[in-house]
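Below: the structure, in structure tokens.
Readers should treat all values here as calculations from the given coordinates under stated rules, not as data from a laboratory. Bear in mind that the values here come from a model prediction, so they are computed numbers and not experimental data. So basically every Cβ, Gly included, is an ideal-geometry build from the backbone, and we count neighbours across all protein chains shown.
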Amino acid sequence: MTSSSVLRDLMAPFQRRSFASTLLGQDNLCCFPLTFTLESSFVQNMNGSVFMTGKSATYQDYDNQRIRIESEYTAYGQTFKDMALRFKLGSTSYNYHVKDNTCTCYVGEFIIDKKCVPNTPIVQKANILNLKAFKIEERKSNGYSMNEWLVQGDHMSGDECLPFRSYMVANNLSIVETEGTNVKASVDANVFKVPQHCPTLDKCSTRN
């Protein structure tokens, strides 16, 4: 298994919601706010030993069609960093990608879908840091199971939520614990600034 495939599995608890479910309905428990900040840290244990640690963040401004997703994790004794920034200026869509301090960009369309949580039974309700919270559980026959706490904070309607904490077991061997460190229905516009070492807008390549 490559480090990139491991990272995709690790990000699953907080980023697996990115499917094209755009309307709250009977198939969704709740949906993310259109604008949100979601920063988290995670630890993966494999056979009782710490295998990987790291942090990830998603910043989304749906109305202005801009999003930034970044991750930093340590595995196999190495630290990996990755960041994707997408935004629109007028009718032009820009896509920036920074991997281990190397930055590239291109002009090309992208879609930011509204993110929703599938309709899953609530097994517990509580307050976490003065936020309304509820716990959901998923179990599959292949040895995968996960429980996850979702929270509803200020400036969020009753059908909106954000993930706060999750505990995932895969193949009865790998355990991933993810904890939100900054979860809110707002975003700092500065996170969408292009890093200084990246190409300027006019230097971005064009994709057909």
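Things worth noting here:
- Packing, as the average of other Cβ atoms within 10 Å across residues, places the peptides 174-180, 139-145 in the order 174-180, 139-145, highest first.
- Counting only Cα atoms, the size of segment 22-130 along its three principal axes is 45, 44, 26 Å, in decreasing order.
- Once the mean of 1/r is taken over each pair of separate Cα atoms and inverted, segment 107-200 shows a Kirkwood hydrodynamic radius of 16.1 Å.
- Taking amide H as placed 1.01 Å from N in the peptide plane, Tyr144 has its amide H under 5 Å from the amide H of Asn171, each at least 5 places away in sequence or on another chain.
- Sorted by Cβ density within 10 Å, fewest first, the residues Asp159, Asp82: Asp159, Asp82
- Each 10 Å bin from zero holds the following percent of Cα-Cα pairs in segment 92-161: 15, 29, 20, 30, 6.
- Alpha-carbon centroid distance for the pair segment 29-73 / segment 85-107, whole angstrom: 19 Å
- Our analysis of segment 29-76 gives Rg over Rh at 1.15, with the two radii drawn from alpha carbon positions and Rh computed by the Kirkwood formula.
- Sequence-distant residues sharing a close amide H with Cys161 (under 5 Å, placed H): Cys31, Phe32
- Sequence-ordered 3J(HN,Hα) estimates for segment 76-93 from the Karplus curve with 6.51, -1.76 and 1.60 and θ = phi - 60° stand at 6, x, 10, 10, 10, 10, 8, 9, 10, 10, 10, 7, 10, 10, x, 9, 9, 10 Hz, glycine and proline given as x.
- In this label model, Val169 and Asp100 are separated by 3.6 nm, measuring between points 7 Å along each Cα→Cβ vector.
- Convex hull volume of the Cα atoms of segment 166-208, normalised per residue: 218 Å³.
- Against the chain, whose longest principal axis comes from its Cα atoms, helix 3-15 is set at around 70 degrees.
- Sites matching trypsin sites (Lys or Arg not before Pro) across segment 173-208 that sit in DSSP coil, with at most 16 neighbouring C-beta atoms within 10 Å: Lys193, Arg207
- Phi to ³J(HN,Hα) by Karplus 6.51 cos²θ - 1.76 cosθ + 1.60 over segment 58-75, Hz, x for Gly, Pro: 10, 10, 10, 10, 5, 4, 9, 6, 9, 8, 9, 10, 9, 8, 9, 8, 10, 8
- For the chain, the Cα-based Rg and Dmax, in that order, read 17.8, 52 Å.
- In order along segment 41-50, phi translates into HN-Hα couplings of 10, 8, 9, 10, 10, 10, 6, x, 10, 5 Hz, rounded to whole numbers, per the Karplus curve 6.51 cos²θ - 1.76 cosθ + 1.60 with θ = phi - 60° and x for Gly and Pro.
- Using just its DSSP H runs of length 4 or more, each adding -39500 (n - 2.57), the chain gives a mean residue ellipticity at 222 nm of -2000 deg cm²/dmol after division by all residues.
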